[in-house]
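Okay, structure first, notes after.
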Amino acid sequence: MSGGLLVAGTTSDAGKSVLTAGICRWLHRRGVKVAPFKAQNMSNNSAVVVGPDGRGGEIGRAQAMQAAACGIAPDLRFNPVLLKPGSDRSSQVVLLGEAVDTVTAGNYHALRPRLAEAAFAALAELREAYEVVVCEGAGSPAEINLRAGDYVNMGLARHAGLPTIVVGDIDRGGVFASMFGTVALLDPADQALVAGFVINKFRGDLGLLRPGLDMLARVTGRPTYGVLPWHLELWLDAEDSLAYGRVLGRPAAPHGTDWLDVAVVRLPRISNATDVEALATEPGVRVRLTVEPAELAAADLVVLPGSKSTVADLTWLRETGLADAVAAHAAAGKPLLGICGGFQMLGRAVHDEVESRAGSVAGLGLLPVEVTFAARKTVRQAAGTSAADPGVPVRGYEIHHGHVSSAEPGLPPLLAYADGTGEGAVRGAVCGTHWHGAFESDAFRRRFLTEAARLAGRTGFRVAPDTSFAAARERSLDLLGDLVEEHLDTAALWRLIESGPPAGLPFVPPGAPR
């Protein structure tokens, strides 16, 4: 067979990514050869995939997570178009893993036919190679101002004949109106592919919701395939929901007598913020994303994460008073970590004629390095060890234009490549690295947190000896599969995948505006 399904949503962050992953895991456990697909993703959270030519390329992190749900290695075709916002008005275009252009809302339409052609070709190849391809939409299919030329939502469904389900987040309120309105704003040919609905993040008595489901079916002629409950354990690999003030996950009680409080600065153009999720899997480690200087003052460890726009976010740090809070934290001798763009901000200067074209800009001056941006982006997987302890293996990946162009002689690195070359920098309690994903390496994460606790004076903190980030991710994916099996009508979903959209689905007026 060559089955397919499109998971669309009433809004961004409605649950498309997690529902797609859950359906993929359910099918994988049934022995189906399944792959994920998202024609175009707009996200600064990306993963590095080795392409057929041996070079590294980028796809959305959500599609890498969905590939894991399918039990397969990620593939550049799973997310052929990735838009990485560098500002409110422009995005870098990554096509089949490689950065090819920068677009604005004004000139995007000129590039769109090329992107659509690449996306359609990638999906066709995947449908030849896999029994089922579960596609994820973007935003909402009822964004009527964007329907012309769309190749991500109903444009994709129309091109490939995909049955479509619409997921809505009941936690936001107005889920029935959102679902009805989504269908009612589509033209007849699009509506003919929308087979039904899924409700996400429900809390409470399902009996109180059921009359609404019946009414929705009467007014749209389409069933709700199930109601997924809100679940505390679903927080890994977040893409769109890294909100201010949020504590990641459910921090387990400390293994020792002390907690370790970690404050992660929520930069405006934060990139690969999922790096800190590995820290949050450790018992006794409380990780919060914040924009409050006072929370940095109270933290044991402060993290400056990656950024898609290093210079702009560095300016923002200064304007908000967070730069002073970061400097005060370092002056107190407490640990400070910069990752990728955050590492670049910690240096003496950033020389950027590529990303921001701002020229030379003073950094925070907390590490004796200077960073120069190169036109060609470094995109690769990385492997090596802790520089301080060569017996501790580390794996990660790199996505950056900036390179350390000068450093104080004898400055210790944080990591070492397999050939012994140093990477990153350490000076006292301040350190930085260009490697994303390094803290998913369990032994390195434990070593780092142990040293951070010592520097912060948390003498009672102890890392757990058996925390496995890979196992935590697998548990999360299995939980998604369990929720799909337990709460959705999987027999009906299978009929959609196998046979396509049901015939005779009624038209819901008024349809798309003319």
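The values are calculated or read from the model by the stated rules, or taken from the named source; none is laboratory data. Note that the structure is predicted; figures quoted are calculated from it, not measured. A quick note on method: Cβ atoms are made from the backbone with ideal geometry, for glycine too, and the neighbour counts reach across all protein chains shown. For the accessible areas, the whole protein counts, side chains as well, though only heavy atoms, and no ligand, DNA or RNA atoms are used. Shrake-Rupley method; radii C 1.70, N 1.55, O 1.52, S 1.80 Å.
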Averaged over all directions, how much area does the convex hull of the C-alpha atoms of the stretch 140-269 cover when projected, in nm²? 11.4
Cut-off 19 Å (backbone N to label point 7 Å along Cα→Cβ of E98), residues of the stretch 57-86: 57-60, 75-84
Which of A382, M65, V463 sits closest to the plus end of the dipole of the chain, meaning its Cα is farthest towards the positive end, when Lys and Arg get +1 and Asp and Glu get -1 on the C-beta? M65
Assuming R0 = 45 Å, what is the FRET efficiency of M215 and A383, from their Cβ-Cβ distance, to the nearest 0.05? 0.20
Calculate the all-directions average of the projected area of the stretch 281-371's alpha-carbon convex hull, and give it in nm². 6.0
Nothing charged except the Cβ atoms of Lys and Arg (+1) and of Asp and Glu (-1): what's the magnitude of the dipole of the chain about its Cα centre? Round to the nearest 20 debye. 360
Debye log10 I(q)/I(0) at q = 0.12, 0.20 Å⁻¹ for the stretch 398-514, Cα point scatterers: -0.72, -1.24
Percentage relative contact order, the stretch 417-479, counting C-alpha pairs under 8 Å, at least six apart: 22
In sequence order, calculated HN-Hα J values of the stretch 400-413 (Karplus, 6.51, -1.76, 1.60; Hz; x Gly/Pro): 6, 8, x, 10, 5, 9, 7, 8, 4, x, x, 5, x, x
Each residue of the stretch 449-457 in order: what ³J(HN,Hα) in whole Hz does its phi give by Karplus 6.51 cos²θ - 1.76 cosθ + 1.60, θ = phi - 60°, with x for Gly and Pro? 5, 4, 5, 4, 5, 4, 5, 7, x
Taking a label point 7 Å from the Cα of F507 along the Cα→Cβ vector, which residues of the stretch 158-175 have an amide N closer than 20 Å to it? 158-159, 164
Once the stretch 322-468 is represented by equal point scatterers at the alpha-carbon sites, with solvent omitted, what log10 I(q)/I(0) does the Debye formula produce at q = 0.12, 0.17 Å⁻¹? -0.50, -0.99
Which residues' amide hydrogens lie under 5 Å from the amide hydrogen of V167, considering only partners 5 or more residues apart or on another chain, with H built in the peptide plane? A8, G9, T10, V198
Using a Förster distance of 45 Å, the FRET efficiency for T320-R395 (Cβ separation, nearest 0.05): 0.85
Dipole of the stretch 282-376, positive end: most advanced residue of V302, P283, A323 [Cβ charges, Cα centre]: P283
Debye-sum result for the chain in log10 I(q)/I(0), which assumes one identical scatterer on each alpha carbon, at q = 0.06, 0.07, 0.10 Å⁻¹: -0.29, -0.39, -0.79
Residues with amide H under 5 Å of H401's amide H, sequence separation 5 or more or different chain, H placed in the peptide plane at 1.01 Å from N; which? T378
I need two numbers for the stretch 38-168: Rg to one decimal and Dmax as a whole number, Cα atoms only, in Å. 14.1, 40
Determine ³J(HN,Hα), in whole Hz, for all residues of the stretch 72-79 in sequence, where each value follows from phi through the Karplus function 6.51 cos²θ - 1.76 cosθ + 1.60 and θ = phi - 60°; x replaces Gly and Pro. 10, 6, x, 9, 4, 6, 5, 9
E136 long-range amide H proximity, modeled H, under 5 Å: V7, F37, K38, A39
Could you work out the local net charge near T320, counting Lys and Arg as +1, Asp and Glu as -1, over the other residues with Cβ closer than 12 Å to its Cβ? -2
If R0 = 22 Å, then A105 and R357, at their Cβ-Cβ distance, give a FRET efficiency to the nearest 0.05 of 0.65
Projected label distance in nm at H403 and A189, using a 7 Å step from Cα toward the beta-carbon: 4.9
Dimensions of the stretch 458-500 along principal axes (Cα, Å, largest first)? 61, 17, 14
Of all the C-alpha pairs in the stretch 255-314, what % are more than 14 Å from each other? 55
Could you give the dipole magnitude of the stretch 373-482 about its Cα centre, charging the beta-carbon of Lys and Arg +1 and that of Asp and Glu -1, in debye to the nearest 20? 260
If you take every residue apart from E498 with its C-beta less than 15 Å away from the C-beta of E498, what net charge results, scoring Lys and Arg +1 and Asp and Glu -1? +2
Provide the gained length on full extension for the span T421 to A298, in nm with one decimal, where the gain is 0.36 nm per separating residue minus the Cα-Cα distance. 40.7 nm
Helical mean residue ellipticity (222 nm; -39500 (n - 2.57) per DSSP H run of 4+; nearest 500) of the chain: -9500 deg cm²/dmol
With a 1.4 Å probe and all protein chains in place, put R30, R514 in order of accessible area, largest first. R514, R30
Centroid-to-centroid separation of the stretch 265-294 and the stretch 419-486 [C-alpha atoms, Å]: 12
On average, how much accessible surface per residue is there in the chain, in Å², for a 1.4 Å probe, leaving out ligands, DNA and RNA? 39
Net charge dipole size for the stretch 90-207 [Lys, Arg +1 and Asp, Glu -1 on Cβ; Debye, nearest 20]: 240
Hull surface over four for the Cα convex hull of the stretch 203-340, reported in nm², is 11.9
Run the accessible area of the chain with a 1.4 Å probe and give the carbon-and-sulfur part as a rounded percent. 53
Can you give me the solvent accessible area of E370 with a 1.4 Å probe, rounded to the nearest 10 Å²? 60
Descending accessible area (1.4 Å probe), largest on the left, turns E408, E423 into E408, E423
Compute the relative contact order of the stretch 340-423 as a whole-number percentage, counting only Cα pairs closer than 8 Å that sit 6 or more residues apart in sequence. 26
For Cα pairs less than 8 Å apart in space and 6+ apart in sequence, what is the mean separation divided by the residue count of the chain, i.e. the relative contact order in percent? 17
Would you mind checking the tilt of helix 206-220 against the longest principal axis of the Cα atoms of the chain, expressed as 0 to 90 degrees and rounded to 10? 60
Label-point gap, in nm, between A491 and S468 - each point 7 angstrom along Cα→Cβ: 3.6
Rounded to 5, percent antiparallel among DSSP beta bridges of the stretch 241-361: 35
Once you list every other residue whose beta carbon is under 14 Å from the beta carbon of T378, what net charge do they have if Lys and Arg are +1 and Asp and Glu are -1? -1
How much accessible surface does L228 have with a 1.4 Å probe, in Å² rounded to 10? 20
